[in-house]
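These notes concern the structure reproduced below.
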Amino acid sequence: MSVALRIEGLDVWFGDGRDRVDAVKEAGFEVATGESFGLVGESGSGKSTILRAITGLARDWSGLIEVEGKRIEGARRDRAFFKTVQMVFQDPYASLHPRHTVDQVLSETLSLHKLGDVDARVVRLLDDVGLGAKFRFRYPHQLSGGQRQRVAIARALAGEPDILLLDEPTSALDVSVQAEILNLLTDLRAEHGLTYLMVSHDLPVIGHMCDRLAVMKDGRIVEVMGVEALRRGEAREDYSRDLLAASVGA
Amino acid sequence: MTLLEVENLRVKFPTRQGVFEAVRGVSFSLGKERLGIVGESGSGKSMTGRAILRLIRPPGIVEADGIRLEGRNLLDLSETAMRKVRGQKISMVMQDPKFSLNPVMRVGDQIMEAYLLHNRSSKAEARRRAIEMLEAVSIRDPERVLRAYPHEVSGGMGQRIMIAMMLIPDPQILIADEPTSALDVSVQRQVLGIMDRLVKDRGMGLIFISHDLNLVSEFCDRVLIMYAGRVVETCAADKLHEATHPYTRGLLNSLPRLDEPRRHLEVLQRDPAWAEEGGA
């Protein structure tokens, strides 16, 4: 099986000297092509920072990040990278431009990816995420939270990426809407053969969506486990066990 | 014993498209118990909590046949009298400590202010009480926290400071509006445990507003489930998983569960009848 994403000895930090904060320390894991991998942990544990380092949003890092066998350096990413990797952010209220219509959002993304046939593609993207063409000329404020997140997912899919980085994609949503979005993500992965790297603080959500997961604490990966072990409550490390207990209320 | 009686509460907002009713005829009574109010965004659960304290600003309109506290209808009170009720009789903890604490005032001064506003006493006494209260919410180094500014404390600590501040005037009723939603799961339990202990020790009534069904079923005695501004179902918290209303069932089933893996989560099919008045 080929490896979509390999991370080894990853350190990410913010600030210099006295103010330096080491957000991620010596993190390492591999995500196979077509796999769905979860990162769980409390706020400040560094899980989102890993995603931000991969996409170049966190500039100061060292270690190895390999995307589909290609090593990544620094904070600049080329167009080929963005055709391979896309990210969906937590807050659908903040991640869409308030004065751009859904059509503008998607068309702009398509032209950035240098894809032609914009008209048909926008319609197809909206269909893919279950919105339909009637949403095409709406502004974000005319959409609900769940609909906005669907637009954000459509935008991420526009360049036909292989890997989606999902940063708490449903934590700003109601549970009934969360169910819809998670179902959509499940279907999209099956249809497009996508690889997911998903960050969440919600263990049941990760358990539902992922094949394997890494538990993070204070910037370090404490444990990598399969979802079967998670379901059986078989965590090796004390910390993961506590997290599990707190999540299911046992 | 009933502490608070809410009868046919309505909250309305005039809009260009006509009057929008955020809360439509909610009635319940609260004793010395932990009452949970659950619902999704827009169900009117927060509006219910705010309306009790008359915190709905114009043009919002609060109407009710009665919001009775110790036999007095809160809706008849003057704004001055109402200010005495807030804090002293009924306190409220809001969702995010980042937005509820004054960022340019030391934590200690804020807690002491809450005490001095409702009690005639010296600053030294207020300080002593503030330290006691911070200890009661399991803050290890209260002297240091008193001197700190809100940005210097973590989210969990901020929320415990909020609870300390709300409980220092010794109210009979605490309204907690999503008090732990901004916190991590592990911290969540801790804060809830503290709140639970204080509410029990002081014989208070608690209204716990949340979107988290599991949390509410674990933490409360009784639960109201709200949908579109109405209470669609009331049940004992430990029986929440036997709830019968299709909306409650739908919410429960849409949650991913570690013990029941499945490919697709159940999607809630909303029935317009749930929102209709009189129907349930």
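Each value in this text was obtained by applying a stated rule to the coordinates, not by laboratory testing. Quick caveat, the model's predicted, so the values are computed rather than measured. Neighbour counts run over all protein chains shown; Cβ positions are idealised from the backbone, glycine included.
Only DSSP H runs of four or more residues enter the estimate; each adds -39500 (n - 2.57), and after division by the residues of chain A the mean residue ellipticity at 222 nm equals -10500 deg cm²/dmol. Within the shell defined by Cβ-Cβ distances under 10 Å, the residues around B:Val107 carry a net charge of +1, with Lys and Arg each +1 and Asp and Glu each -1. Couplings 3J(HN,Hα) of the range B:56-71, computed from phi: 7, 7, x, x, x, 10, 10, 10, 6, 6, x, 10, 9, 10, 6, x Hz, in residue order, whole Hz [Karplus 6.51 cos²θ - 1.76 cosθ + 1.60, θ = phi - 60°; x for Gly and Pro]. Label sites at A:Asp242 and B:Glu70, each approximated as a point 7 angstrom past Cα along Cα to Cβ, lie 4.3 nm apart.
Going by a ≥ b ≥ c, the root eigenvalues of the Cα gyration tensor, does the range B:2-275 fall in the rounded group (a/c under 1.5), the prolate group (a/b larger than b/c) or the oblate group? Here the range B:2-275 falls in the oblate category. If you take all other residues with their beta carbon under 9 Å from the beta carbon of B:Arg68, and give Lys and Arg +1 and Asp and Glu -1, the sum is -2. Converting phi to 3J(HN,Hα) with the Karplus coefficients 6.51, -1.76 and 1.60 and the offset θ = phi - 60°, the range A:212-218 yields 9, 8, 10, 9, 10, 8, 6 Hz in sequence order, with x at every glycine or proline. With R₀ set to 25 Å, the beta-carbon distance separating B:His264 from B:Arg197 gives a calculated FRET efficiency near 0.05.
Run the numbers for A:Leu112 and A:Ser171: contour at 0.36 nm per residue of separation, minus the present Cα-Cα distance, in nm.
So the chain would gain 18.4 nm between A:Leu112 and A:Ser171.
Couplings 3J(HN,Hα) of the range B:114-128, computed from phi: 4, 6, 5, 5, 10, 10, 7, 7, 7, 5, 5, 5, 4, 5, 4 Hz, in residue order, whole Hz [Karplus 6.51 cos²θ - 1.76 cosθ + 1.60, θ = phi - 60°; x for Gly and Pro].
Just checking the listed ones, B:His211, B:His151, B:His264: in the Gaussian network model of chain B with Cα springs under 10 Å, the one fluctuating most is B:His264. Cross-link list A:Lys47/B:Lys98; A:Lys83/A:Lys134; B:Lys45/B:Lys98; B:Lys45/B:Lys89; B:Lys32/B:Lys123: which exceed 29 angstrom alpha carbon to alpha carbon? The answer is B:Lys32/B:Lys123. For the protein assembly as shown, the equivalent ellipsoid derived from the Cα gyration tensor has semi-axes of 42, 29, 22 Å, listed largest first. Each other residue within a Cβ distance under 10 Å of A:Leu126 adds +1 if Lys or Arg and -1 if Asp or Glu, for a net charge of +2.
Computed with the Debye formula from one identical point scatterer per Cα of the range B:188-258, without solvent, the log10 of I(q)/I(0) at q = 0.24, 0.27 Å⁻¹ comes to -1.14, -1.31. Counting only DSSP beta bridges with both residues in chain A, the antiparallel share comes to about 55 percent.
Close amide-amide hydrogen proximity is noted between A:Arg138 and A:Val102, A:Asp103, each under 5 Å apart and 5 or more residues distant or on a separate chain (H modeled in the peptide plane; Pro and chain starts excluded). The aspartates and glutamates whose alpha-carbon is closer than 19 Å to the alpha-carbon of B:Lys84, local same-chain residues fewer than 8 away aside, are B:Glu5, B:Glu70, B:Asp76, B:Glu113, B:Asp170. Taking label positions 7 Å along the Cα-Cβ direction at both B:Asn102 and B:Leu55, the computed distance is 1.7 nm, reported to one decimal.
Taking 19 Å as the cut-off, the amide N atoms of the range A:1-19 that come nearer than this to a point 7 Å along the Cα-to-beta-carbon line of A:Leu64 belong to A:1-12.
Here the Gaussian network model covers chain A, with springs between Cα atoms less than 10 Å apart; of A:Leu230, A:Leu115, A:Leu213, A:Leu115 fluctuates the most.
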